[in-house]
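Only the coordinates and a few stated rules stand behind these numbers; no lab work does. Nothing here was measured: the structure is a model prediction, and the numbers come from that model. Methodologically, a virtual Cβ is constructed for each residue, glycine included, from the backbone with ideal geometry; neighbour enumeration extends over all protein chains shown.
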Amino acid sequence: MSDGTDTQTGTRTDTHADTRTDTRTDTRVDIAVIGCGTTGLALARLLELEGLTVAVVDRARMPMARPRATHLDDETMRAFQTLGLQDLAESFSLVGTYRYYDAKWRTIMAMDMNRGLTEQGWQSDYMFHQPDFEAVLRGHAQTYAGATTFFGWEVTGIEDTGDEVVLTTRELATDRPSRITASFVVGADGANSFVRERMGCTQTDHHATHRSLIVDIVPLVAEERVPGRDSWIQGAIRNPLTVIPIAAPRVRFELMLRPDDDSAEFERSEKAYEVIAPWYAPHEYRVLRCDVYEWRSLTADRWRAGRLLLAGDSAHTMPPHLGQGMCSGIRDATNLAWKLGRVVRGDSPASLLDTYQSERRPHVLVFTTLAAELANGVEALEAPDEEPEVFQAPVLRPVLGPGVRDEAEGAAGTLSAQPRTPAGELLDDVVGYRFALVATPDALAATSPATSQLLAALDVRTVEAAPGAVADWLTGLGAAAALVRPDRYLFGAAEDPADLDALVARLAAALAPAPVDAPAPVGVAGAGG
């Protein structure tokens, strides 16, 4: 049990309940995270890196054994690196070519998804096993002295008093109540979010809601029946079929349902056997998952109300066709955690949290609208006259919306690269989860004493761009210096050493935005999910 002091940062924290006993007392923390899927657990880990006290609440006592998300891209792998999960990459699988077929198995499109090692320092795309991710991050939450875990608990009420948020909770197995008081609460509690409901948020419907039967298997035979790492979808049939090799040796089969299809009929075991019959006999595999899932395409219109915020599926959902649902939630976490850290420590006003939605919502809408278009086009695919050539998957790197970025600078709001230093280290490992100034020796030498003091006050890590990959990245930007945010997006760049002082001053101003009218506090909510 913590004595109330973070031994790494020296920051005084409130004593919290010992989660390793059967006694549960009222708990006070900086941040309460409701929901322990990928987004909630990633956020909790980043809040740990910020040195904040955290309560994590989830209805499930143990991590869910079946995979849901299966894909991550290079940017998300970079976030995994920050979370300390890079070793899990040894169990990940790479991707291959993604093909679309028509009803007669004629190729409509063939897209190579594997772009190899990218400027992010990782492979372009991976397939991973979500239960392993959740198990490791639940373990981090359990062992972090500043965290209190409520695994197997649900939130039954929320009261935003204006100065703090009070959560009433109960343990599902015993009906035992408890209370959590937090400075801020983040609802990462999924598509049916209790927090979003209590915030009274409306949602924008992108009109791409579909149901799919999802069957995940582990083959028990050595013979490879689903070849390589390629995936495909056959459309223009009554129930379009997608086959995806996920984290090896697992394979996912998805059958899209029509509006008049009965979910219960499709969830019968004989349906799963029927779908998989062209590749495996029923005794040749173990079923990990067999259920009908409804893919929604909704975006919350408000991501913050007073001291309540939304992240992940509670803020936005999309069909699976781009593999960006979980990736978008991880981006939410990396964007939000450092801002919460600054606000809780008093380094920035609470209005900084308004930049979370202004930056993230336009960014995620790029993926959501495209995924919706792809989902709605699956049922009417038509083959071209000639066999199409395989083309390289396009790189989709949206720019952040307005917020903590140098609006006058062209590179601001774009995702930064992660080159290796001359010592062979990836840049994020040198910097950590914090702001970084990457600059040429000349630019650093020209920095004024006042700017150096400001960099120290803002906790900006300075990295000299020695000859090699780091210097080459700056040259490619046409810059002598670049300011990189903790979420790895560029605040801005300076073309020459003389511009660096002004760039740092603009960062300081952006981290202290003018106050805005705050939404009314959310009152006490009744019992519910």
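Sparsely packed loop sites in segment 26-76 (the trypsin sites (Lys or Arg not before Pro) outside DSSP H, G, I, E and B with at most 13 other Cβ atoms within 10 Å) comprise Arg61. Close amide H partners of Asp291, meaning residues 5 or more places away or on another chain with modelled amide H under 5 Å apart, are Ile214. Restricting attention to segment 427-510, close to 60% of DSSP beta bridges with both partner residues there are antiparallel. A DSSP coil position with no more than 16 other Cβ atoms inside 10 Å describes the following chymotrypsin sites (Phe, Trp or Tyr not before Pro) in segment 92-156: Trp105. Take the Cβ atoms of Ala408 and Met64, set R0 to 45 Å, and the FRET efficiency comes out at 0.45.
Here the dipole of the chain is about 980 debye; that uses its Cα centre as origin and unit charges on the Cβ of Lys and Arg (positive) and Asp and Glu (negative). The charge dipole of segment 427-510, taken about its Cα centre with unit charges on the Cβ of Lys, Arg, Asp and Glu (plus for the first two, minus for the last two), comes to roughly 260 debye.
Of the residues Thr148, Pro467, Thr209, the one whose Cα sits farthest towards the positive end of the charge dipole of the chain is Thr148 (charges of +1 on Lys and Arg Cβ, -1 on Asp and Glu Cβ, taken about the Cα centre). Note that segment 425-433 has calculated 3J(HN,Hα) couplings of 7, 5, 4, 5, 5, 6, 7, x, 8 Hz, one per residue in order, obtained from phi through the Karplus relation 6.51 cos²θ - 1.76 cosθ + 1.60 (θ = phi - 60°); glycine and proline are x. Direction-averaged projected area, Cα convex hull, segment 427-510: 4.8 nm², rounded to one decimal. Take 436-447, 315-326, 366-377, 196-207 and order them by the average number of nearby Cβ atoms within 10 Å per residue, most first; the result is 315-326, 436-447, 366-377, 196-207.
How much of the DSSP bridge set in the chain is antiparallel, in percent, rounded to the nearest 5? Counting only bridges with both partners in the chain, antiparallel ones make up about 70 percent. Kirkwood analysis of the chain, using all unique Cα-Cα pairs, places the hydrodynamic radius at 24.5 Å. Rounded to the nearest 500, the helix-only mean residue ellipticity at 222 nm of the chain stands at -8000 deg cm²/dmol, with each DSSP H run of n ≥ 4 adding -39,500 (n - 2.57).
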